[in-house]
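FYI, it's all coordinate maths here, none of it is from the lab. Model, not experiment: these values are computed from the prediction. Cβ: placed from backbone, ideal geometry, glycine included. Neighbour counts: every protein chain shown.
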Amino acid sequence: DSGVTQTPKHLITATGQRVTLRCSPRSGDLSVYWYQQSLDQGLQFLIQYYNGEERAKGNILERFSAQQFPDLHSELNLSSLELGDSALYFCASSVGVGEIGTDTQYFGPGTRLTVL
Amino acid sequence: GQNIDQPTEMTATEGAIVQINCTYQTSGFNGLFWYQQHAGEAPTFLSYNVLDGLEEKGRFSSFLSRSKGYSYLLLKELQMKDSASYLCAVRDHYGGSQGNLIFGKGTKLSVKP
């Protein structure tokens with residue numbers, strides 16, 4: 001158990017809908033990262049927040065948005081869902097901004113999103 | 001561009017040694033990580049290299065050559081529970097996004113009795 005929690009574990013929805021994925025980082029970690037993992041693409045970095053501020057952006061679609069709240073939990077919002085958005089969504093957390101030394105990213109158990 | 005290559009699949013025998021290679025071409029380099037991921041589960045951290053050479057941690061070792069853009073993960077005394085995907089990830093170093101991890105697609109290791 002990494003200490004990172006994600007809810008829900010599974011989500012099944014229809015095309016065109018909007019969903020919210022939630023992540024709570026490990027105690028003491030200030031950074032939260034979101035990743036998408038599909039069968040053919042591997043783990044793709046979406047976005048990072050550090051202490052409430054957006055820190056880095058990766059391959060995140062405009063239909064997707066995220067935020068980190070004062071209690072440091074984060075939410076990833078996915079809208080106008082398409083079949084291709086079906087994937088495992090992982091959140092990870094680290095103590096710092098992830099630039100120095102190990103500053104390991106610890107991953108949560110993931111949310112499996114199925115879009116029908 | 002950013003590119004990380006690993007073999008897609010490998011098979012090895014219980015008790016043996018296996019080496020999983022990773023080559024990378026990234027715009028910057030600020031460390032290389034190996035993660036283990038069992039099917040449907042979260043990736044878990046195995047090792048970190050930022051300087052050239054070998055880092056040993058129990059049955060697992062990881063090697064880095066920055067000049068060659070090359071790393072390997074060595075697993076000794078293989079156990080059935082080592083059957084998993086092994087992900088190589090490079091921490092890039094550019095602009096204000098220096099903490100990003102760029103992951104390879106992973107190597108699926110099957111350990112046979």
- Task: At 7 Å along the Cα-to-beta-carbon direction for both B:Q79 and B:A39, put a label point, then send me their distance in nm to one decimal.
- Result: 2.0 nm
- GNM on chain A, Cα springs under 10 Å; top mean-square fluctuation among A:E82, A:E99, A:E54 goes to A:E99
- Set A:K57/B:K76; B:K57/B:K105; B:K57/B:K112; A:K9/B:K57; A:K9/B:K112; A:K57/B:K81, cut-off 26 Å on Cα-Cα distance; pairs above it are A:K57/B:K76; A:K9/B:K57; A:K9/B:K112; A:K57/B:K81
- Note on the structure: The long-range amide H neighbours of A:S86, using H built 1.01 Å from N in the peptide plane and a cut-off of under 5 Å, are A:V115
- Can you list the HN-Hα couplings for the range A:69-84, worked out from phi with the Karplus curve (6.51, -1.76, 1.60; θ = phi - 60°), rounded to whole Hz and with x for Gly and Pro? 8, x, 7, 6, 6, 10, 10, 10, 9, 10, 10, 6, 4, 10, 4, x
- Note on the structure: Answer in debye to the nearest 20: the dipole magnitude of chain A about its Cα centre, from +1 Lys/Arg and -1 Asp/Glu charges placed on Cβ, is 280 debye
